[in-house]
Amino acid sequence: MSPELINLIIQATGESLFMVAVAAVVATSFGLPIGIFLATSGKGELFAAPKINAVLGVIVNATRSTPFIILVVAIIPFTRLIAGTSIGSGAAIVPLTIAATPFIARLVEAAIREVDAGLIETASSFGATPLQIVFKVLIPEALPGLLLALTLAVVSLLGYSAMVGAVGGGGLGDLGIRYGYQRFMPEMMLAVVVVLIALVQTVQTVGDYFAKRVNRRLRHR
Amino acid sequence: MNVHQSLTASGPLKSFSPPDSVPAKVPAKADAMVRFEGVEKTYPAYRGKPSVRALQNIDFAIPRGSITGVIGRSGAGKSSLVRLINGLEKPTIGRVEVDGRDISALSGRDLRLAQRSIGMIFQHFNLLSSRTAAANIALPLEIAGWSKTDIAVRVAELLDLVDIADKHDRYPSELSGGQKQRIGIARALATRPSVLLSDEATSALDPQTTRSILDLLANINRELGVTIVLITHEMSVARQLAKEVIVIDGGDIVENGHVADIFTHPQHPITQTFLAEVLGDAVPVSLASRLQQNPFPAGQAVIRILVRGDAGDAIVARLAREFSIDVALLSARIDEIGGQRVGSLTIGIPGGDAIAPQVLSYLSQHQLSAERLGYVA
């Protein structure tokens, strides 16, 4: 493979990582509070607001059930509004974030719901405020689950980021489509797939490592 | 089995001479640490399930500095009672006072402040798995807004108090049940509460650990003067620790008084069932299976005597002397509860039915409740 092509791969990998990183950070900063709210706003729960909970649940489900490629196209005007363009890696961050946020919210909700309800009751009996319960009990106790959720979200984002290549989003997917498919360069397609596999493997390994490290439910050593 | 059932049906405990002691008086208002006045708790109907009345007509007062047992089977209303005391729920009717304050009328910040003077320990410890022993104990102090240095000092004191200073940096998953409950106790005492609620705190522990936790609670009551409310389904736990006992069943208080009175003169069938478990008043299965209904000359008449107080003193020797017979001791269990002897004796009287009727009338003349169970070879 020529040095030019290798450079292309390196550049595309950088673009993919950039898209995924920014989308993951932004989506987490929205998805985490939404997920916590979804997990604690049912009837009789910490922030009981069953109606808002139901509405939010519908919105989350609607976003999640829209196929990603359709979502990307459907929100082009919104993407233009935010990013000033609808082409390139920067623009691709917008649909990536919008797709990842409800996904992260559901994963966070599941992780928070895993926390023993007895602990919420315990903290309440000490006179803890709902916010104290979130920050001192729910998040620390759910941390291993939250880290695994985040890992899963990043892995999914890597997949999505390859998909935005199809609509001019840049990154590894773009490279695979344009060189591997349209110019019929199987070695380029193979390289893209190998890099993606390596990235997913790395993210998963790192995520598993940290999730295990913060998990005190298991006996150590 | 039949024998046992007939015993329960005839109610040998009930036939015992009526109590001459006065039931525990409700302490004067100022002495009460926890006070329920006409409390009813009804959970409203929800998703097709009918409404449930968990507690009704609850009136009692727990004296300041006492250890009071609240005994009931599961579903009797114990959990609702606890949640009313620590303000996690409001009574449907009536009022709940803790330390002279109407906790049922508080909400928001006032309630949270009041809750800091109520410590609580739990059956499953409810420790945070993500925090070390020390950090778990620090949790209520962080919630109360203490400074880091004050917290460190207080946590060290508490670890000493519950005798697990060496477990400072251990996570709950590395500790035994007894050690976890000690951390639970230290955490509950962190904010220097005036009441400690123990919700089945020893139910998940083995008998030896239970004993050590109960000893620790007794020490804490003695040294810190903390009022302890001991919610349990085990009469033996209440017996070891409590001075006062409240028995609840089906959401009602069925009995309330000094532990010695309740154990010696139980009034309600539920209390009697609880007592039978702890006193071993039930006839041993191996003996019950050998019992025959009809007397035969070579057999022994089996008589069971309920011992309540001093009336049973040296009864085996007295019977042997009075009737010049060899009295066989078949099974016995006597405990001392609140300074009174309580338990049962099962004895064998030789000669089939020759002497047994006289023995029974002798026993009843001496204020002992006794019953002929049958005959054994």
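What follows draws every value from the coordinates through simple rules; no lab data is involved. Just so it is clear, the model here is predicted, and its values are computed rather than measured. Using ideal geometry, Cβ is built from the backbone for each residue, glycine included, and neighbour counts are taken over all protein chains shown.
Summary table
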quantity: Cα-centre dipole for the protein assembly as shown with unit charges at Cβ (Lys and Arg positive, Asp and Glu negative), debye to 20; calculated: 1100 debye
quantity: Peptide A:140-146 - average C-beta neighbours from other chains (10 Å radius); calculated: 2
quantity: Span-like helix ranges in chain A, DSSP H, alpha carbon extent 30 angstrom or more, Kyte mean at least 1.6; calculated: A:139-163
quantity: Net length gained if the chain between B:Ala317 and B:Gln208 were fully extended (0.36 nm per residue, minus Cα distance); calculated: 35.8 nm
quantity: Cleavage-rule hits, chymotrypsin sites (Phe, Trp or Tyr not before Pro), the stretch A:116-207, DSSP coil, Cβ neighbours within 10 Å at most 13; calculated: A:Phe184
quantity: Choice from B:Asn294, B:Asn256, B:Asn221 with maximal GNM fluctuation in chain B (Cα, 10 Å cutoff); calculated: B:Asn294
quantity: Simple label model, 7 Å out from Cα along Cβ direction - B:Asp163 to B:Ser107, nm; calculated: 4.5 nm
quantity: Test item: B:163-171 mean partner chain Cβ contacts at 10 Å; calculated: 1
quantity: Per-residue [θ]222 nm for chain A (sum of -39500 (n - 2.57) over DSSP H runs n ≥ 4, rounded to 500); calculated: -25000 deg cm²/dmol
quantity: Inter-chain Cβ neighbour average for residues B:121-130, partner chain, 10 Å; calculated: 6
quantity: Chain B: calculated mean residue ellipticity at 222 nm from DSSP helix runs of at least 4, using -39500 (n - 2.57); calculated: -10000 deg cm²/dmol
quantity: Choice from B:Lys90, B:Lys49, B:Lys167 with maximal GNM fluctuation in chain B (Cα, 10 Å cutoff); calculated: B:Lys49
quantity: Chain A shape via C-alpha gyration tensor axes, a/c threshold 1.5; calculated: oblate
quantity: Dipole magnitude (debye, nearest 20) for the stretch B:29-275, charges at Cβ of Lys, Arg, Asp, Glu; calculated: 640 debye
quantity: Inter-label distance for B:Asn57 and B:Ser147, nm, one decimal - labels placed 7 Å from Cα along Cα-to-Cβ; calculated: 5.5 nm
quantity: Protection-proxy order for peptides B:177-183, B:105-111, each taking the mean of Cβ atoms within 10 Å per residue, highest first; calculated: B:177-183, B:105-111
